[in-house]
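The values are calculated or read from the model by the stated rules, or taken from the named source; none is laboratory data. All values reported here derive from a predicted model rather than from experimental measurement. Note: ideal-geometry Cβ built from the backbone for every residue, glycine included; neighbour counts use all protein chains shown. Surface accessibility is based on the protein's heavy atoms, side chains included, excluding ligands, DNA and RNA. Shrake-Rupley method; radii C 1.70, N 1.55, O 1.52, S 1.80 Å.
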Protein chains: 2
Amino acid sequence: LSRPLSKASAVAFDLPALPPLDGEARQAWVYRLLREAILRGTLMSGMRVPSSRALAARLAVSRSTIEVAFDQLRAEGYVAGVVGSGTFVSAALPDGFLLKPSPSGPAASISTMVPSEADRAVRVDTPFVARVADATLFPFAEWRSHLQAAARTEAAATAGGADALFGDRSLRAHVARYLGAARGIACDASQVLITAGIRQGLNLAGRALLQPTDKVLLEDPGYALAADIFAPYTRRLVSVAIDEAGFSVADARRHAGVRAAHVTPAHQSPTGVTMPVARRLELLNWARERGAWVLEDDYDSEFNYRSAPLPALKSLDEGDRVVHFGSFNKTMFADLRIGYVVVPRDLAAAFAKGCRALGPAVGIIEQRALATFIADGGLARHVRRARAAYARRRERVLQGLREIMAPRALRVTGEHAGFHFVWWLPEDVAADSLAAQARLRGLRLEFVADHSRRLDATAGVLIGDSALDDTQLDDALGRLKSTFEAARARQ
Amino acid sequence: LSRPLSKASAVAFDLPALPPLDGEARQAWVYRLLREAILRGTLMSGMRVPSSRALAARLAVSRSTIEVAFDQLRAEGYVAGVVGSGTFVSAALPDGFLLKPSPSGPAASISTMVPSEADRAVRVDTPFVARVADATLFPFAEWRSHLQAAARTEAAATAGGADALFGDRSLRAHVARYLGAARGIACDASQVLITAGIRQGLNLAGRALLQPTDKVLLEDPGYALAADIFAPYTRRLVSVAIDEAGFSVADARRHAGVRAAHVTPAHQSPTGVTMPVARRLELLNWARERGAWVLEDDYDSEFNYRSAPLPALKSLDEGDRVVHFGSFNKTMFADLRIGYVVVPRDLAAAFAKGCRALGPAVGIIEQRALATFIADGGLARHVRRARAAYARRRERVLQGLREIMAPRALRVTGEHAGFHFVWWLPEDVAADSLAAQARLRGLRLEFVADHSRRLDATAGVLIGDSALDDTQLDDALGRLKSTFEAARARQ
């Protein structure tokens, strides 16, 4: 794994001298090299990328390793192009963001993971609104042994000072390391704050950042609770449109005096759109120009079924304008109640003040259990297993939809990741009618419109499949088929 | 314990027909009977109470049992008077609060307990600012077994809906029962909300109750974090004076348009004053008249060293105007992070909305562990042991102070309860000088003035002694003695 770059290569461009990290997977290393080359301008916008064969020879890895890395770069929007006609560096990369040195720490590794959070009023066994982790997949026996070790007298008695307020030191260090590996975020324990979940983190941000007249931009359609969360801290909440690349920076630019924007770049809530890198850089550029803070709600990023999870927006954040929010409540199980915030250095004092006013969030014993669970690899093992289970479920549901309507007419977004995706209805089926027919069949459906303040939202159905077993999925799909046919017949 | 009232009694007044409860201590039963008689007007204001001998004969209990009950009634301000000249029902009981039926559920029992919360930035081993529980007294081995039982797969996987949002059903039921026994509060599980601590509860109240122009009254001197906690929810925070009976309702009456008042009736923070029953009834009367909400911060009530803890203000709350906040973080150990709110019925929907926006607070496993720990009597056993340890420490410190200055010149408040008390400095010692001398000797002292926005606060020192062992106490007392002598010599 640690062999140097081959000098015999015939490819006519330089690659950065970035050796593989300890334990870094080969494809993660290749991905990181190429991404760095693109961001540094070594591989320039519009330039044709060398063939996978040439790169494989140059880097002394297999062609399949190169292809996995390209799949990921393509998913993130760094490169574009189809098999046969070549792969090009994306033309939409803003030049202002080409990197000077190395920005982002270690890149994403396929065997690692990140968190999420959703409306907990949803029952796990209700199709298709089950947008939560399947707790039956979680290794509770293993977790119990970590809890027990953490509950020793000496350990539990000694937290205090900053540890009591911001979180256990060892957990914060493990979260920082994990965010480096899984999300490409270069941070240390001092920047990590332990919370009960993303909602608590967003409340801390409200306290830390907002005065009553500060403008906050919210995605629309977006996270349904966002407006309630920020309501005590400011009166000025403004909707920003979602397009095929997620949060519209062009729309955001129309507003002056913006203090913060709440965004879900990994798997937009609820559309599931992944924000491509060009849009990410545009967003960061806007934040730097305006002095605004970007609240990255990384609620659903680690369960990616096509390639490694995309690195976080925070990993590109050279201006330190991004506050990154995540949670283990979906990675592990919903009722765990442990999350985190990565706090920009300029905001450390303001967040600390917020922490004192909200009070310490999480019991020391569970924090220490989580630290050793991560250290022992228990979390990584669990996420791998859960990801495989969710991927199988996702494929089963997509196959079911292909049996409900013609595959070429089927439009979905966000299907490659997370606990749900969106099924956009064909024009000859109205959402009202589908909802009415679903109710008749005991099928609860949630619509994109439920997450929007706009009246003209396109009709899309949230298909939450993560917490349903095969029997529940087949039952729900059967009911969905008859629902769909009845709704279409009534148009 | 369950013998009926004696018919042979010669005492010329009726006692309510309240038989002892299962497992209720004799003195708790007597206390409850007499308190009820006073509140119902059977024993009227200014009336001389029958002798302990007559009551002992009437109730078929020992005279010492009667005397313990009277000690408690006296501590709460229900009766007044000294040995020899007779005991009278307090003249200051407002008639409007005499009870119609029975209001308050079972009364306090000496063997039960309640919670608290404080600034966590304080290190446990720093004399005399150690106003926290001594975690070394906590039975972690026992706690571990409850955690382990609670971490079984099936149990952990199944919380959902309201349980996920408001707290585990079984824990809420146990907290309700415990509050009935320990704090005299008649409530059921549906009124109990599980939080991470009192601060989170107060934030929920801010969300549930306040608009930006609503007035909130805060005690002064008072809980140092209160202003920060409420700041996002309203701009109008108003200080109310503390007198020898605690929160001054007369001062509160000078303010119009008050939406809520934050009070610490059990052991005023920081003076330690216990609000007597006359003031309590005056406060409740004011709240009813004005339509204001009383936020009862019951942070320090279960560790009472003289008699049973006083029943909560909430136990007298016939108008359902009191929101009651408590926490297990001091009863058990500071880093546990479990507290609760008892929510008036009219506020249930508003608090539920706040819970959704702040997110569920506490992991399901620790909630279930706490439910069984309470059910098995583990909590009651621990509090009994801890109370005895704290009482010994308190006596040691008071004895130390009596060696520092003449006992008849020694003025303290709040010394009968909690994790700290206040030592009011004699006029010939200035706080500045004492603080400077303390610093020279490595002794950290906290002053009442640190908890006040007023400049004219009388000089008092908070003596936090709960988390210090005998060696630490003796060392700290030694340094305090030389500090005091040096400060006095410099006047």
Check B:D428, B:D450 and return the single one that is open to solvent by less than 80 Å² (accessible area, probe 1.4 Å) and touching a residue at least 40 places away in the same chain (Cβ under 8 Å). B:D428
Test result for B:S239, open to solvent by 30 Å² or more (accessible area, probe 1.4 Å), more than 14 Å from every other protein chain (Cβ to nearest Cβ) and not in a helix (DSSP H, G or I): yes
Test A:D251 against the criterion of being in contact with a strand residue (DSSP E or B) (Cβ under 9 Å, 6 or more places away or on another chain), farther than 26 Å from B:L202 by Cβ and at pLDDT 95 or above, and give yes or no. yes
For region B:317-347, how many residues are in contact with a strand residue (DSSP E or B) (Cβ under 9 Å, 6 or more places away or on another chain) and either at the interface with chain A (Cβ under 8 Å from one of its Cβ atoms) or not in a loop (DSSP other than H, G, I, E, B) (or both)? 14
Scan region A:193-220 residue by residue and report those that are over 15 Å from A:G359 (Cβ atoms) and part of a loop (DSSP other than H, G, I, E, B). A:L210, A:Q211, A:P212, A:T213, A:D214
Within region B:364-396, restricting to residues that are among the basic types (K, R) and closer than 23 Å to B:R306 by Cα, the one that is nearest to the other protein chains (Cβ to nearest Cβ) is B:R385
Is it the case, given these coordinates, that B:R392 is more than 27 Å from A:N329 (Cβ to Cβ), open to solvent by 10 Å² or more (accessible area, probe 1.4 Å) and either part of a helix (DSSP H, G or I) or touching a residue at least 60 places away in the same chain (Cβ under 8 Å) (or both)? yes
When the residues of region B:260-314 are filtered to those that are in a loop (DSSP other than H, G, I, E, B) and over 16 Å from the mean Cα position of the chain (by Cα), which remaining residue is surrounded by the most Cβ atoms within 10 Å (Cβ to Cβ)? B:A292
Could you tell me whether B:A224 is within 23 Å of B:D465 (Cα to Cα), in a loop (DSSP other than H, G, I, E, B), within 14 Å of chain A (Cβ to nearest Cβ) and in contact (Cβ under 8 Å) with a residue 40 or more places away in the chain? yes
Restricting attention to helices (runs of 4 or more DSSP H) lying wholly within region B:72-186, give those where 2 or more residues are modelled with pLDDT of 90 or more and either open to solvent by 10 Å² or more (accessible area, probe 1.4 Å) or within 25 Å of B:E296 (Cβ to Cβ) (or both). B:140-150, B:169-183
Considering residues of region A:348-357 that are open to solvent by less than 10 Å² (accessible area, probe 1.4 Å) and within 10 Å of another protein chain (Cβ to nearest Cβ) only, the residue nearest to A:Q211 (Cα to Cα): A:G354
